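To start, the structure under review is shown below, and the notes come after it.
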Amino acid sequence: MASGLMPLMQEDFDKLVSVLKVAYNCDERTAISHVTKAMLAKFVRSFVPMPALLEKRVQQVFDIYSTMEYDGVLLFTNKSWATLQDCMVHIRKGCLTDPTNIPVYREKKRLKNGLVVWQSLRGTSQLEGFHAHQVRFIQAHNVSPVLANALHQDGIHIWNLRMGILHCGEPDYGTV
């Protein structure tokens, strides 16, 4: 379902298949059968389509599963349909679509066989632990808004430096 909502970059997929054809000495169909979810996540970028196409695809998912039941109960309740309508507002506004002028992947590594290991720059999965660190940026209760903002910006800057060193290979000058 995710690949229907977030299509794959065809050029990356074609490159992966061509490498697998050589590695397994096989035809294209057999090479495609060797593709795993882990390979797709590592070597093939995906994108969130423009609002009209995304809206159509999300609606198709709901239409397909709308009549399905589990133990005699419909999968989608009235609350599910209301939530869908709320989500569609954001989809139509383009809130969920990848920006056209900002890269959402960075090249992490290029392998000898020509494949590129991609790192996604979108999503919140890497940020889930960030909120616990935010508490440490401001440790006093009676702080002026100006000072709180300055401390918060300083904390975010230090966080970004550390994450760049840890995940992106940025140089560590020993200052953070």
* **Selection status of VAL117, exposed (fewer than 14 other Cβ atoms within 10 Å of the Cβ) and either assigned to a helix (DSSP H, G or I) or out of contact with any strand residue (DSSP E or B) (no Cβ under 9 Å at 6 or more places or on another chain) (or both)** => no
* Can you pull out the helices (runs of 4 or more DSSP H) entirely within the stretch 1-89 that have at least 1 residues that are farther than 29 Å from GLU107 by Cα and touching a residue at least 40 places away in the same chain (Cβ under 8 Å)? -> 51-65
* Asked: So which of ARG92, ARG136 ends up being of a type in the set (Lys, Arg), within 28 Å of LEU5 (Cβ to Cβ) and not in a loop (DSSP other than H, G, I, E, B)?
  -> ARG92
* Scanning for something acidic (Asp, Glu), surrounded by 13 or more Cβ atoms within 10 Å (Cβ to Cβ) and modelled with pLDDT under 95, does the stretch 92-99 turn up at least one residue? -> yes
* For the stretch 15-40, name all the residues that are surrounded by 12 or more Cβ atoms within 10 Å (Cβ to Cβ) and within 22 Å of the chain's Cα centre (by Cα). => LYS15, LEU16, VAL35, MET39, LEU40
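The values are calculated or read from the model by the stated rules, or taken from the named source; none is laboratory data. Worth saying up front: this structure is predicted, and the values here are computed from it rather than measured. Heads up, the Cβs are rebuilt from the backbone with ideal geometry, glycines too, and the neighbour counts pull from every protein chain shown.
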